[in-house]
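Notes for the one structure printed next.
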Amino acid sequence: MAQAWRCSGLRWSAGGPGLRWVGGRRSALTWGKRVAFGVAEGGVRTCVGARGHACPARAAVSGRSTGARCEECARLDRAHSVAADTLADDPRPYRVYLAWFGPGMVKVGITAYERGSARLWEQGAVCFSWLGTGPLMAARRTEELLRAALSVPDRIPYGDKRAVRSALPASAAERAAEIAALHARAVALGGWPDSLERAPYEPVDHVEVFGLAGLPTAVGEVSELVAGGSVGGRLVAAAGPDLHLETESGGVVVLDTRLMTGWDLVPADGTEITVPMREFKETPGVQDGLF
């Protein structure tokens, strides 16, 4: 029987994306590489635990869950996150940013200064610009100021991001136009915390980093993995947790790698997908180791 592996998620670095495996191994992902794996026959997806600790109950979790955590582990994981506002005494500096994912899709967010652009790669931000740097609570207050004054959300659904990746504006200037306008409006606002050092408008574009130039329109996305199923394709792009895979039949399918966690995965051949999929019906561009 083939050795089974457990995926701990897609990780981004300056060298590009890579899949991480329980035990520390990393599989680098490059454009054109064949990505293929199967789900062990008779397998059950189990909770991945919280904060580096295994789930004590080894609870079964839904194949459609992107978190792969049981209710209790999900609660513990969120309770110790920046998003939960429970780390007010964190001494590290934080950055506030504006990120753009497609026409009409701009969000405001914060990330630890030491992480650099990693948070933007993880979210699949097509382009972004920093707004300022300061203590955590100052960064959080600035984020809230922009949400209230400019109606900028702090979340964009992944489904919306996927729908427009193959129909983005052609030039970097066009892609940055919305964050340019919002950055100007943001710095003109009153009420910024004194401890936050403002940053000039300096857009960073990720189209080349993600491989989105000339990206074929995806025909659908993997909705869940199932025991005995398999996924295979040639990697043509990656953004956030998503891999865009060209299958043997010629269609491009999006795999959210968060669906891989919690399963026992085994090597597989081929470039076809035999797990449940959801076909895309809306026109893209319209907003409404193993290897």
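What are the residue pairs meeting all of these: first residue in segment 45-59, first residue open to solvent by 80 Å² or more (accessible area, probe 1.4 Å), second residue not in a loop (DSSP other than H, G, I, E, B), Cβ atoms under 7 Å, and 6 or more apart or on different chains? Note: pairs meeting the criteria are R51/L76; R51/D77; R58/T46.
A Cβ distance below 7 Å, combined with a sequence gap of six or more or placement on separate chains, defines the contacts here; from segment 155-184, residues that are open to solvent by 30 Å² or more (accessible area, probe 1.4 Å) reach residues that are among the basic types (K, R) and not in a loop (DSSP other than H, G, I, E, B) in the pairs R155/K107; L168/R175; P169/R175. With respect to the conditions (1) in contact with a Lys or Arg (Cβ under 9 Å, 6 or more places away or on another chain); (2) at pLDDT 95 or above; (3) more than 23 Å from D205 (Cα to Cα), G124 falls short on a single one, namely (3). Does A148 satisfy being part of a helix (DSSP H, G or I), farther than 15 Å from A99 by Cα and open to solvent by less than 40 Å² (accessible area, probe 1.4 Å)? For A148, the condition - part of a helix (DSSP H, G or I), farther than 15 Å from A99 by Cα and open to solvent by less than 40 Å² (accessible area, probe 1.4 Å) - is not met. Would you mind stating whether E224 is surrounded by 14 or more Cβ atoms within 10 Å (Cβ to Cβ), within 30 Å of S62 (Cα to Cα), out of contact with any Phe, Trp or Tyr (no Cβ under 9 Å at 6 or more places or on another chain) and modelled with pLDDT of 95 or more? Yes: the conditions hold for E224. Residue selection: R25 satisfies the criterion of being modelled with pLDDT under 95, over 25 Å from T111 (Cβ atoms) and not β-branched (V, I, T).
Considering only segment 230-242, I want to know if a residue exists there that is part of a loop (DSSP other than H, G, I, E, B) and open to solvent by 30 Å² or more (accessible area, probe 1.4 Å). Spell out the reasoning first.
We begin by selecting, within segment 230-242, every residue part of a loop (DSSP other than H, G, I, E, B); these are 240-241.
Next, from what is left, pick out any that are open to solvent by 30 Å² or more (accessible area, probe 1.4 Å): none.
The answer is no, given that none of the residues of segment 230-242 is part of a loop (DSSP other than H, G, I, E, B) and open to solvent by 30 Å² or more (accessible area, probe 1.4 Å).
Say whether the condition of being farther than 29 Å from L259 by Cβ and crowded, with 18+ Cβ neighbours inside 10 Å is met by at least one residue in segment 189-196. Taking every residue of segment 189-196 in turn, at least one turns out to be farther than 29 Å from L259 by Cβ and crowded, with 18+ Cβ neighbours inside 10 Å. Checking each residue in segment 206-219 for being part of a strand (DSSP E or B) and buried (at least 18 other Cβ atoms within 10 Å of the Cβ) picks out only A218. Working only within segment 98-119, note down all residues that are among the small types (G, A, S) and crowded, with 20+ Cβ neighbours inside 10 Å. Those that are among the small types (G, A, S) and crowded, with 20+ Cβ neighbours inside 10 Å: A99, G102, G109. Put simply, of A88, A50 the only residue that is closer than 30 Å to A14 by Cβ and at pLDDT below 95 is A50.
The values are calculated or read from the model by the stated rules, or taken from the named source; none is laboratory data. This is a predicted model, so every value here is computed, not measured. When we count neighbours, we look across all protein chains shown, and the Cβ atoms used for this are built from the backbone with ideal geometry, even at glycine. Surface accessibility is based on the protein's heavy atoms, side chains included, excluding ligands, DNA and RNA. Shrake-Rupley method; radii C 1.70, N 1.55, O 1.52, S 1.80 Å.
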